[in-house]
1. Checking S275 against (1) at pLDDT below 90; (2) in contact with a Phe, Trp or Tyr (Cβ under 8 Å, 6 or more places away or on another chain), which single condition isn't satisfied?
2. Pairs needed: first member in region 141-162, hydroxyl-bearing (S, T, Y); second member anywhere, assigned to a helix (DSSP H, G or I) and at pLDDT 90 or above; C-beta distance under 7 Å; at least 6 residues apart or different chains.
3. Residues being assigned to a loop (DSSP other than H, G, I, E, B), touching a Phe, Trp or Tyr at 6+ places or on another chain (Cβ under 8 Å) and modelled with pLDDT of 75 or more: count how many of those fall in region 37-55.
4. Examine region 187-209 for a residue that is modelled with pLDDT under 95, surrounded by 16 or more Cβ atoms within 10 Å (Cβ to Cβ) and of a type in the set (D, E, K, R), and state whether such a residue exists.
5. Looking at D122 and the list (1) over 26 Å from D9 (Cα atoms); (2) surrounded by fewer than 16 Cβ atoms within 10 Å (Cβ to Cβ); (3) without any contact (Cβ under 8 Å) to a residue 60 or more places away in the chain, which single condition is not satisfied?
Amino acid sequence: MIEPIKSFDYHIGWRSRGRNPGRHASTQRGMGMEFRGHTTLLSYPDPRRIDIRQTIRDPMEQVYVRLFNQKSATPVFVICDLSGSMNFGAKKRKIKLAAEIAESVAQSASEHHDPFGFIGFDEKVREDWISTTSFKSHHAIAMAESLKDFHPAPVDCKGITEVYRYLPRERSLVFLISDFHMPNEVLEEGLSNLLRHHIVPVVLWDAAEYRNLPEFGLANVTDAETGERRTLFIRKELREKIVQSFENRRNEIYELFMRFDMPPFYVEGEFDADSLTEYFHQFVAA
């Protein structure tokens, strides 16, 4: 039995420029309820909006109409890391978890009447893993479903610095899904290129990468950047060093995200859509 895709609620903290009707506050004139001001009937020929009082007050005897802002749609994207480290996972591979999150984002965008797009990257932007924005989410959901069975090659994720080229100029809501096992300078460049948009970093963290190591003996460990597996002889001192390095990395990326005013959303184990709803209530002004 196929489990239903669970969606979440989100909102944006800016006025959308989208011309298509939607649920977000907008800069576009239309048939909404948010009063914007007055103009003459000649400038905006809609007799349904005539304001009798404003017309009577005008000594030049011009006819005035009321202007309103419509609610508009906003593009929503998932940018997903497809590099080697995303193949790791004790109970569930990170790439499968990322696919489940992408499905949820696509479903949520559809329910909010927003267009959805998907961009995958590893050492480059993967044009075979791109779904252009559409108000119909079935293609993107199908792509996310096929992503569950994808096995990333042991390559890095420098393509994050180029994904901005595939996004529209219009400000978009972007869910950036990765374990962020990459050099700080690469991540910083990638985030700098995305500042036009509202970025939600979705950090996939697996405790098995570092907490479940033995204190003594042989253990298979995964290279944090490429996903390649190596066998190490673990001693207590080495185990403590590995654990501390992961904790330091967690603090580093948190500080880097906050420097760009992008609070991260952590997913460890299973994805909880309700927690992402709470994230928006906490960090994004309605």
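1. (1)
2. The qualifying pairs are T161/V186; T161/E189; T161/G190.
3. 1
4. There is at least one residue in region 187-209 that is modelled with pLDDT under 95, surrounded by 16 or more Cβ atoms within 10 Å (Cβ to Cβ) and of a type in the set (D, E, K, R).
5. (2) is the only condition that D122 fails.
Yes/no matrix, rows are residues, columns are (1) basic (K, R); (2) in the same structural domain as E123 (by TED's automatic domain parsing); (3) surrounded by fewer than 20 Cβ atoms within 10 Å (Cβ to Cβ):
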site: R49; (1), (2), (3): yes, no, yes
site: R57; (1), (2), (3): yes, no, yes
site: K91; (1), (2), (3): yes, yes, yes
site: I101; (1), (2), (3): no, yes, no
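The values are calculated or read from the model by the stated rules, or taken from the named source; none is laboratory data. Small disclaimer: the values here were computed from a predicted structure and weren't measured. We place every Cβ from the backbone using ideal geometry, glycine too, and count neighbours over all the protein chains shown.
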